[in-house]
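Please treat every number below as a calculation from the coordinates, not as lab data. These numbers were taken from a predicted model, which means no experiment stands behind them. We place every Cβ from the backbone using ideal geometry, glycine too, and count neighbours over all the protein chains shown.
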Amino acid sequence: AKDQGRNRFHYFTPSMQRNAKYRMRLIQDLRLAVTNQEFELYYQPIVCLTGDPSVKAEALIRWHHPKRGLVSPIEFIAVAEETGLIVEIGNWVFQQAARQCALWRDRFGIEVQISINKSPVQFRDEGESLDSWVALLKTLNLSRNSICVEITEGLLLDSNQAIYSKLEQYRNAGMQISLDDFGTGYSSLAYLKKFDIDFLKIDQSFTRNLDSNSDDFTLCEAIIVMAHKLGMKVIAEGVETAYQRQVLADAGCDYGQGYLFSRPVTAEEFEASCITAALE
Ligand code: C2E
Ligand code: CA
Ligand code: CA
Ligand code: CA
């Protein structure tokens, strides 16, 4: 992959070379970020729309760059995937999330189900990480379903038996599976019957225009009905208004996630707002 990168370099125009320089800098900095522990997980609540008080959260990575400040994952996840650094970063994310879950359990007696995002590259290039993940879950004595792994449709399409049995291993180890960004990637739905998936996350592009666009409402409603018939729960992403929440709840959507409830916040803030509230 390195050689390929070098070959591609020749075709860069001067302005692209500046980008290439930026990119190389980013890669160098990312390498350091792992060793220097510049990452932090933020947590965004996933709120039950049907009255179940259990607490869930999605862990979203943040990078505190020593010079550039807070860097969005939009800026570095793709590069981390291309360079393979995502494997190390992803292992850190898992460990951090699992430890946080155990910490909250010990401190508050509540198990917050934490969802982590897992890149397809991590599945392809997994090495020993599944074993070490399972070992950590055991060490921390976390109960089943305390960790949920968010994957995207692309992974299931490029489907081979290896991915299928890998997902099975995750579920056997007590982790649940969410299908992220549903509806944005591919038109085939065939994989939905081949894989055991616990949650389907409706992409924000569908929830965003629920107020004004009745086609998007029809799609959300159809997705919810289909998911329930296939035994999956539905999480709507990008819920920003009370109207959207109401419409989704009326359509039978199980969970909502979005700025209406909370932006992603630090572990301390999540503790203060969401966990304390659940205890009352
Ligand atoms: P995603 O997994 O689809 O995560 C949801 C994104 O939507 C998050 O952006 C979140 O902050 C944002 N969001 C939540 N509610 C709302 C809302 O009401 N309105 C709007 N407009 N946005 C909302 P974020 O944190 O910038 O993450 C972007 C993407 O980066 C994620 O999209 C995910 O694909 C990736 N990512 C984040 N953390 C990780 C990680 O630990 N590992 C991997 N592999 N990818 C990650
Ligand atoms: Ca996600
Ligand atoms: Ca998403
Ligand atoms: Ca996404």
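Selection over segment 154-176 of residues that are surrounded by 20 or more Cβ atoms within 10 Å (Cβ to Cβ) and within 16 Å of ligand 4 (Cβ to nearest atom) gives a count of 2.
Out of (1) within 16 Å of ligand 3 (Cβ to nearest atom); (2) among the hydroxyl-bearing types (Ser, Thr, Tyr); (3) in a helix (DSSP H, G or I), the odd one out for Tyr259 is which? So Tyr259 meets the others, but not (3). Residues in segment 140-153 that are outside any helix (DSSP H, G or I) and either crowded, with 21+ Cβ neighbours inside 10 Å or of a type outside the set (Asp, Glu) (or both): Asn141, Leu142, Ser143, Arg144, Asn145, Ser146, Ile147, Cys148, Val149, Ile151, Thr152. Can you name every residue in segment 85-121 that is basic (Lys, Arg), in a helix (DSSP H, G or I) and farther than 14 Å from Leu137 by Cβ? Within segment 85-121, Arg107 is the sole residue that qualifies. Selection of segment 168-185 for residues being more than 16 Å from ligand 1 (Cβ to nearest atom) and either free of Cβ contacts under 8 Å to residues at least 12 places away in the same chain or not small (Gly, Ala, Ser) (or both) yields Glu168, Gln169, Arg171, Asn172.
If you go through segment 100-139 and keep only what is crowded, with 19+ Cβ neighbours inside 10 Å, more than 16 Å from ligand 4 (Cβ to nearest atom) and aliphatic (A, V, I, L, M), you end up with Val112, Ile114, Leu137.
Scanning segment 122-167 for residues that are away from ligand 1 (no atom under 16 Å from the Cβ) and closer than 22 Å to Ser54 by Cα returns Leu137, Leu140, Asn141, Leu142, Ser143, Arg144, Asn145, Ser146. Could you tell me how many of the residues in segment 236-250 are polar (S, T, N, Q) and touching a residue at least 12 places away in the same chain (Cβ under 8 Å)? So the count comes out to 2.
How many residues are within 23 Å of Ile147 (Cβ to Cβ), more than 16 Å from ligand 2 (Cβ to nearest atom) and not acidic (Asp, Glu) when one looks only at segment 185-213? So the count comes out to 4.
Residues are listed down the side, and each one gets a yes or a no for (1) under 23 Å from Ser143 (Cα atoms); (2) over 21 Å from the mean Cα position of the chain (by Cα); (3) surrounded by 14 or more Cβ atoms within 10 Å (Cβ to Cβ); (4) within 16 Å of ligand 2 (Cβ to nearest atom):
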position	(1), (2), (3), (4)
Leu219	no, yes, yes, no
Ala236	no, no, yes, yes
Gln257	no, no, yes, yes
Thr266	no, no, no, no
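Do we find a residue being under 19 Å from Ala267 (Cβ atoms) and basic (Lys, Arg) anywhere in segment 52-72? Yes: segment 52-72 contains one or more residues that are under 19 Å from Ala267 (Cβ atoms) and basic (Lys, Arg).
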